[in-house]
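Below is one structure, written out as structure tokens, with a few remarks after it.
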């Protein structure tokens, strides 16, 4: 059981303006709870006990919401990324790298996942790094596309061709054993390059893939939603409405 999770919640969510003009995307309300609170709830149900939330845009608002969460199942720590305006989410991973000492999960700050998905990701399939993926008939230019052979991840990125793409990353990863140090050290090296601040952390995962130590975990048919555009709100709200009614 992995008890540590990192939430990458530093961004504003500029593609969702004007909704995010005065609050970060992770604090959008869904069925009476913020996106962040839904993430914490599902992670806690899935056995996570300590959560690091990497903040950036309007960090004080996020700090206030976290301070009001009184849940004996989890301890939550916010960690401010002062570079959130100039660095992509690889920078957020760099900020929290010192907390990557044991097995951990990473969840993008705009992804809603069910308790079932968390429990699926908690199952150890022997991969040092495991990328959670879903499958659909076709993938668009904004999807974080995945090429895989069996469970092994070959490539990950938005620019993969249609011929290469046979899954998409939902923004939820697990790191175990040697995968912890491998990722942490690769993040450190990437951020020491001139172009490091421009990259997503999944570019680091793509660079590790040739080692054969990155696998995939399919959650096909399970409930999740990405909140990236304004038209995602309706889909995500329908999902959280179902969760809230149970």
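The values are calculated or read from the model by the stated rules, or taken from the named source; none is laboratory data. Bear in mind the structure is a predicted one, so any value in this text is a computation, not a measurement. Cβ atoms come from the backbone with ideal geometry, glycine included; neighbour counts cover every protein chain shown.
Identify all residues within the range 45-65 that are buried (at least 18 other Cβ atoms within 10 Å of the Cβ), within 24 Å of residue 2 (Cα to Cα) and without any contact (Cβ under 8 Å) to a residue 60 or more places away in the chain; write none if there are none.
Answer for the range 45-65, where residues must be buried (at least 18 other Cβ atoms within 10 Å of the Cβ), within 24 Å of residue 2 (Cα to Cα) and without any contact (Cβ under 8 Å) to a residue 60 or more places away in the chain: 51, 52, 53, 54, 55.
For residue 14, which of the numbered conditions (1) closer than 21 Å to residue 233 by Cα; (2) surrounded by 15 or more Cβ atoms within 10 Å (Cβ to Cβ) fails to hold?
(2)
Pull out all pairs, ordered by first then second residue, where Cβ-Cβ is under 8 Å, the residues are six or more apart or on different chains, the first lies in the range 208-229 and is part of a helix (DSSP H, G or I), and the second is buried (at least 21 other Cβ atoms within 10 Å of the Cβ) and modelled with pLDDT of 95 or more.
Final answer for the pair search is 208/129; 208/183; 208/214; 209/153; 209/156.
Among the residues that make up the range 228-246, is at least one of them surrounded by 17 or more Cβ atoms within 10 Å (Cβ to Cβ), touching a helix residue (DSSP H, G or I) at 6+ places or on another chain (Cβ under 9 Å), closer than 18 Å to residue 88 by Cβ and modelled with pLDDT of 95 or more?
Looking for residues that are surrounded by 17 or more Cβ atoms within 10 Å (Cβ to Cβ), touching a helix residue (DSSP H, G or I) at 6+ places or on another chain (Cβ under 9 Å), closer than 18 Å to residue 88 by Cβ and modelled with pLDDT of 95 or more, one finds none in the range 228-246, hence no.
So, of the residues in the range 148-162 that are part of a strand (DSSP E or B) and within 19 Å of the chain's Cα centre (by Cα), which turns out to be nearest to residue 200 (Cα to Cα)?
157
Any chance the range 69-89 includes a residue that's part of a helix (DSSP H, G or I), at pLDDT below 95, in contact with a helix residue (DSSP H, G or I) (Cβ under 8 Å, 6 or more places away or on another chain) and crowded, with 22+ Cβ neighbours inside 10 Å?
Yes, some residue in the range 69-89 is part of a helix (DSSP H, G or I), at pLDDT below 95, in contact with a helix residue (DSSP H, G or I) (Cβ under 8 Å, 6 or more places away or on another chain) and crowded, with 22+ Cβ neighbours inside 10 Å.
In this structure, is residue 165 without any contact (Cβ under 8 Å) to a residue 40 or more places away in the chain, surrounded by 14 or more Cβ atoms within 10 Å (Cβ to Cβ) and within 16 Å of the chain's Cα centre (by Cα)?
no
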